[in-house]
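Data first, discussion second: the structure below is written as structure tokens.
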Amino acid sequence: MSEETLSNLSREERRFAPPEALAAEANVTADWYDKAAEDRVAFWAEQAGRLHWDQPWDRVLDWDDPPFAKWFVGGKLNASVNCVDRHVDAGRGDKVAFHWVGEPEDDARSITYAELKDEVCKAANALTELGVRTGDRVAIYMPMIPETVVTMLACARLGAPHTVVFGGFSADALASRIVDCEAHVVVTADGGYRRGAPSALKPAVDEAVAKSGDVVRKVLVVRRTGQDLGDAGWDDTRDVWWHDAVDSASAEHTPESFDSEHPLYVMYTSGTTGKPKGILHTTGGYLVGSAYTHWGIFDLKPETDVYWCTADIGWVTGHSYMVYGPLANGTTSVMYEGTPDSPHKGRWWEIIEKYGVTLFYTAPTAIRTFMKWGSDIPAKFDLSSLRLLGSVGEPINPEAYIWYRETIGAGQTPVVDTWWQTETGAIMISPLPGVTHGKPGSAMKAIPGVAADVVDDEGKPVPNGSGGFLVLTEPWPSMLRTLWGDDERFKDTYWSRFRSQGYYFAGDGAKKDDDGDIWLLGRVDDVMNVSGHRLSTTEIESALVSHPKVAEAAVVGAADEMTGQAVCAFVILRDEVVGDGGDNADIVAELRTHVAKEIGAIAKPRQIMIVPELPKTRSGKIMRRLLKDVAEDRQVGDVTTLADSTVMDLISSNLQGGK
Ligand code: 6R9
């Protein structure tokens, strides 16, 4: 990207200083930036002191064979001991680890650290009984229930890397992951509750197992809904009920210590080609990264805070910021099974009020949905316990940031916009809640210990005020170690673009503003080129969302004979606008003018389509690829990773009514 990059984002001038009381007591202070930069390796060694090591490391970082890193070399530890046993051993066994809230109302339970430890030990014994040994992979396909966390920790306790597959993924997606990492055991449930009804899981596992050759030997099944198990029913030689195998197992289990570089889990994420990438995280470095960032970026005070991350456990955020980070820090967390509108659109706010949530972490897509539903809904609840709000997954538009801060955070709480990836394992770029004067829409700068930059095509840092590619310039403890079984693809995907500089290429476009703060501009493949001008999808989406009639917007670049690419926008209107019977043609004209005014005539969408929904992945990312198919009048491509695969039909039928 060049100076031609048009920018309405950098015109954003609002700044929010940290609340004085928070700043005075902040876990991480401004001097940490310098301290970490002076000796990064020593800084990380200090952070590693947050964990319990059975054997100390002899070398903090081995970067002799880049890009293959080893952290805390020679150190030994057990991740489940760090997340559970050591809190019980320190006399905090009665502390609540999770306030679990099921989707059906009144279906809730609170689990203490002592109870969690017993469950993890029982599950570790049961998995051993089912044949799981150190190094074996276990696939997990579960709803958001406590047993899911228990299974992950039991695997970690045994040194058996887990691979959690989101419960909404298809049987095919599950099968390809099972086969890729050769998981002999699958843990699942009969189903989970979503949108007020049981939603089956076990039939998809049966189908996936059938498609996986003879890889799967045992399937451990939690009874959650009691629903019918489908055509394949039950296979007595393979299927085992959790309540038979785990409930009767011993709660005594002696953990083994594993090498710091022992694999902890594999998490699959989609790449640019069809085959998903199995991101490998190892034990010591990952746990250091997730624990440090969870404590620092959320300013966690474990004694008093109640923390809630709304991510699904099948996503990396659910791993680092629902399980490993919070538990390593001895946090009390909320975990919620269902959707935000069950049984009513205020469910999340009701949960915050009930449990006195102080730290809240969610995604921009959720925030925009709540904006669409209207501010009167959260206004009915007491949200005064909140003292910090986090955002992750996509760039947060200034409008959504302001709404979040004002409506949910009473105009007082800091908002931490955290940039990171499955690959980075932990937050890399974010404001510090007690230090940073936040700018709506900017993730600001690399946190202490992390080194990031925005570079041009040649890998040279761009000057302030310019855009380019986001890179991480130094190794960090929670970095992915490789792609499961594919070192070459690992090198190729992340380390070949800026090989001579040795930078990690994140695949995101970004810009430094005049202060040198970083603004994320979306994936580099989301950058459009219209008549030779580079336009960012994020910036145009932001401009659209800043219009009072718009709830949500997605922009794609569609092939255009005249201009190379043309801007096509898909827009969801706010509920009150949809209801007033106005003419869409008028609104479209108004929005085109609005974008021209906000950014410039070049950014004016060629086409604006008013739609009822947008296609999103389960982690809330808009699938622009599918919208591009619509914009270019093509057959819509593969929809299997959509959270709701009927959305594309809805969009198509809606558009037939007139574009
Ligand atoms: C944690 C997670 C990673 C991609 C990343 C970027 C986008 C995430 C963001 C953000 C702007 C933020 N992304 N956080 N973009 N601002 N605060 O989302 O992991 O699912 O692997 O996605 O998400 O494009 O490259 P993952």
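How high is the FRET efficiency from residue 562 to residue 31, r the C-beta distance, R0 56 Å, rounded to 0.05?
Numbers: r = 55 Å, r/R0 = 0.98.
Efficiency, from the Cβ-Cβ distance: 0.55.
Which aspartates and glutamates have a Cα less than 17 Å from the Cα of residue 211, not counting those fewer than 8 places away in the same chain?
Straight-line reach from residue 211, under 17 Å: 172, 180, 182, 231, 235, 239.
On a full-extension model of 0.36 nm per residue, what is the gain between residue 42 and residue 607, subtracting their alpha-carbon distance, rounded to one decimal in nm?
Using 0.36 nm per residue and subtracting the Cα-Cα distance, I get 198.0 nm.
Is the C-alpha gyration tensor of segment 531-656 telling us rounded, prolate or oblate? Criteria: a/c under 1.5 is rounded; beyond that, a/b larger than b/c is prolate, otherwise oblate.
Here segment 531-656 falls in the oblate category.
For segment 470-605, rounded, prolate or oblate, judged on the Cα gyration tensor with a ≥ b ≥ c (square roots of eigenvalues), a/c < 1.5 rounded, else prolate if a/b > b/c? Mind dumping the intermediate values first?
Numbers: a/c = 2.42, a/b = 2.18, b/c = 1.11.
It comes out prolate by the Cα gyration axes.
Residue 54 to residue 376: extension gain in nm, 0.36 nm per residue of separation minus the Cα-Cα distance?
Computed gain between residue 54 and residue 376 is 110.7 nm.
Which of the trypsin sites (Lys or Arg not before Pro) found in segment 374-467 are in a DSSP loop and have at most 15 neighbouring Cβ atoms, other than their own, within 10 Å?
Sites meeting the loop and neighbour criteria: 380.
Using the Karplus curve 6.51 cos²θ - 1.76 cosθ + 1.60 with θ = phi - 60°, what ³J(HN,Hα) values do you get for each residue of segment 111-122, in whole Hz, with x for Gly and Pro?
Those phi angles translate into 10, 7, 4, 5, 5, 4, 4, 4, 5, 5, 5, 4 Hz.
Can you compute the label reach from residue 197? Point 7 Å from Cα along the Cβ direction, backbone N cut-off under 14 Å, restricted to segment 221-259.
228
For the chain, take the longest principal axis of its alpha carbons; what is the angle in degrees between that and the long axis of helix 584-598, to the nearest 10 within 0 to 90?
Rounded to the nearest ten degrees, it is 90.
How far, in degrees from 0 to 90, does helix 647-656 lean away from the longest principal axis of the Cα atoms of the chain, to the nearest 10?
It works out to around 20 degrees.
Got the relative contact order for segment 531-656 handy, in percent, Cα pairs under 8 Å and 6 or more residues apart? Please list the in-between numbers first.
On the way: 187 pairs, mean separation 29.1, N = 126.
23 percent.
Taking θ as phi - 60°, what are the ³J(HN,Hα) couplings along segment 392-408 by the Karplus curve (6.51, -1.76, 1.60), each to the nearest whole Hz, with x for Gly and Pro?
7, x, 7, x, 9, 5, x, 4, 5, 4, 5, 4, 4, 5, 6, 7, 8
By the gyration tensor of its Cα atoms, with a ≥ b ≥ c the square roots of the eigenvalues, what is the shape of segment 86-216: rounded for a/c under 1.5, prolate for a/b over b/c, or oblate?
Judged from the Cα gyration tensor, segment 86-216 comes out oblate (a/c at least 1.5, b/c at or above a/b).
Could you tell me the relative contact order of the chain? Use alpha-carbon pairs under 8 Å, at least six residues apart, and round to a whole percent.
Numbers: 1437 pairs, mean separation 90.9, N = 659.
Result for the chain is 14 percent.
What percent antiparallel are the DSSP beta bridges of segment 531-656, to the nearest 5?
Of those bridges, close to 75 percent are antiparallel.
Given H placed on each backbone N at 1.01 Å, which residues far from residue 335 in sequence or on other chains put an amide H within less than 5 Å of it?
The list, which skips near neighbours in sequence, is 99, 100, 101.
Filter the cross-link list 76/218; 511/597; 95/202; 549/604; 301/354; 70/277 down to pairs whose alpha-carbon distance in this structure exceeds 23 Å.
76/218; 95/202
For an R0 of 22 angstrom, estimate the FRET efficiency from the Cβ-Cβ distance between residue 495 and residue 62 and round to the nearest 0.05.
E(calc), rounded to 0.05, equals 0.85.
Okay, helix-only estimate at 222 nm for the chain: each DSSP H run of n ≥ 4 adds -39500 (n - 2.57), divide by all residues, round to 500 deg cm²/dmol; what do you get?
-7500 deg cm²/dmol
Give me the extension gain from residue 410 to residue 655: residue separation times 0.36 nm, minus the current Cα-Cα distance, reported in nm with one decimal. Present the calculation step by step, with values, prior to reporting the outcome.
On the way: separation 245, 0.36 × 245 = 88.20 nm, distance 3.86 nm.
Using 0.36 nm per residue and subtracting the Cα-Cα distance, I get 84.3 nm.
Every number here is computed from the coordinates shown, using simple stated rules; none is lab data. Computed from a prediction, not measured in an experiment: that's the story for all the values here. Don't worry about glycine lacking a Cβ; one is built from the backbone with ideal geometry, like all the others, and counts go over all protein chains shown.
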